[in-house]
1. Would you mind finding the one in 271, 275, 261 that is within 24 Å of residue 178 (Cα to Cα), in contact (Cβ under 8 Å) with a residue 12 or more places away in the chain, outside any loop (DSSP other than H, G, I, E, B) and assigned by TED's automatic domain parsing to the domain that holds residue 69?
2. Those residues that are within 27 Å of residue 105 (Cα to Cα) and either touching a residue at least 40 places away in the same chain (Cβ under 8 Å) or not assigned by TED's automatic domain parsing to the domain that holds residue 110 (or both), I need them from the range 39-67; list them, please.
3. Being buried (at least 20 other Cβ atoms within 10 Å of the Cβ), charged (D, E, K, R) and not in a loop (DSSP other than H, G, I, E, B) narrows it down to one of 113, 50, 62, so name that one.
4. Filter the range 241-257 for residues that are under 18 Å from residue 195 (Cβ atoms) and among the small types (Gly, Ala, Ser) and give the result.
5. Would you pick out the residues in the range 228-263 that are buried (at least 20 other Cβ atoms within 10 Å of the Cβ), β-branched (Val, Ile, Thr) and under 20 Å from the mean Cα position of the chain (by Cα)?
6. Here is a check on your reading of the model: is residue 39 within 25 Å of the chain's Cα centre (by Cα), modelled with pLDDT under 95 and assigned to a loop (DSSP other than H, G, I, E, B)?
7. Just to check your reading of the model, which residue among 72, 118 is at pLDDT 95 or above, in a strand (DSSP E or B), in contact with a helix residue (DSSP H, G or I) (Cβ under 8 Å, 6 or more places away or on another chain) and β-branched (Val, Ile, Thr)?
Amino acid sequence: MFAKHLFTAAATAATLGLAGTAGAQEQTFITIGTGGVTGVYYPTGGAICRLVNKGRKEHGVRCSVESTGGSVYNTRTIREGELDFGVVQSDVQSAAMEGVRAFDGDEPYGDLRAVFSVHPEPMHVMVRADAGISSVMDMKGKRVNIGNPGSGTRVLADVLMAAAGVTPDDFSLAAELKSSEQAAALCDGKIDAAIWAAGLPNGSTMEATSTCEIQILDLTTSGTETVLAENAAYAAATIPGGLYPGNDADVASWGPKATFVTDAKTPDMVVYTLVKSIFENFDDFKKLHPAFGRLTEEQMIKDGLSAPLHPGAAKYYAERGWM
C-alpha cells in the first residue's frame, strides 16, 4: 500500500547536489479519507494530521487530509490502496468486515484494521418548521435528502426509514445531496427534510439552523426502539438543547461512533507513530474540536471497534498499559 508514499529525502537532496544537507531522511506520506467539509470527519482528519505533522521532523511521517464521499467510500478506497487511513462509522466498519448492507456483493474485508474510535454521531434529522413533519412517517409525500451514495449517512438513512416503515419511493423527492449542499437546499425551500448523522456540533446543522427555521426531529416515535434492538453498532444519544439555534429542548436520537481505520498492510511503525502522536498530545487533541471534549483514552481504544486492532496501534496501547 505504502510504496507510492515512500520518498527518500536524502536521494532527492543528492539529485539536487545537496547530499550534505542536514536532516535529509526518508519521508513517509500518508493520506486520510474523511467526509464533507461541513461535517466533523474532515476536521477530525485535520486534527490527526496536525498532531502527526507536528513531529514530522523527528519521525518522518507527513500527513494530508482528503475530503471524500464518506464512510463507505473511505473503506473501499483504503481496500484499493488509494487511501492509507479513513474515518468511518462503526456500523460501516462492521458491515465491511462481513460483506453486508452497503457492501453486499463485496468479499468480506478481512484485512480491515481498527486504530481507535472517536466521537459519537447522533442522527440529526433536520426539517423545515413549515413542513408539517413531526416524525419520519410524516415524510411521506415530502422532499427528503437521504444522503449521497457512498456516505455513512446514506446507510443510516436506510436503517431509519426501514424502522419507520417508509421507503424512498414514499417521498415526492429522494434527494442525494452531499452534506455541504443540504443546509442551503433546506433554507432555499428545495427540500423539506434532511437525514444526517455527525458529531456534536457540526457545521451543516449549524448553518441550517442559523440561516432559517429548522427543527431537529426527536426520534422517539420514529422506530428508535426497533433500531437499537436490531443493531448492536448503534446506541441511544441526546442532542443537547441550546446546541443549535432554535432548538432549545434536548432531542432524543441514536447513532454510531466515528472510528479510524486502516489496512493490515499499513506498516506497524506508521500506525504506531500516528497513535503516539495523538495520545501523547491528548489534551491538545481534545481542544481541536468540540466533539472531542469528552473523549477518554479507554473508550477510544475499544468502543465501536469490530475490526481487529492494527498491530502498530496495539503495540502502543500495550506500552501504555491500556491492554
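1. 261
2. Selection gives 41 alone.
3. 113
4. The answer is 252, 253, 255.
5. 239, 259, 261, 262
6. Taking the combined requirement at face value, the residue satisfies it.
7. After ruling out the rest, the residue left standing is 118.
Quick grid of which residues meet (1) touching a Lys or Arg at 6+ places or on another chain (Cβ under 8 Å); (2) surrounded by 17 or more Cβ atoms within 10 Å (Cβ to Cβ); (3) more than 27 Å from residue 82 (Cβ to Cβ):
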{"site": "265", "(1), (2), (3)": "no, no, no"}
{"site": "280", "(1), (2), (3)": "no, no, yes"}
{"site": "283", "(1), (2), (3)": "no, no, yes"}
{"site": "290", "(1), (2), (3)": "no, no, yes"}
{"site": "293", "(1), (2), (3)": "yes, no, yes"}
{"site": "307", "(1), (2), (3)": "yes, yes, no"}
{"site": "314", "(1), (2), (3)": "no, yes, no"}
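The values are calculated or read from the model by the stated rules, or taken from the named source; none is laboratory data. Keep in mind the model is a prediction, meaning the values are calculated, not measured. Because the Cβ atoms are built from the backbone with ideal geometry, glycine has one as well, and the counts that use them run over all protein chains shown.
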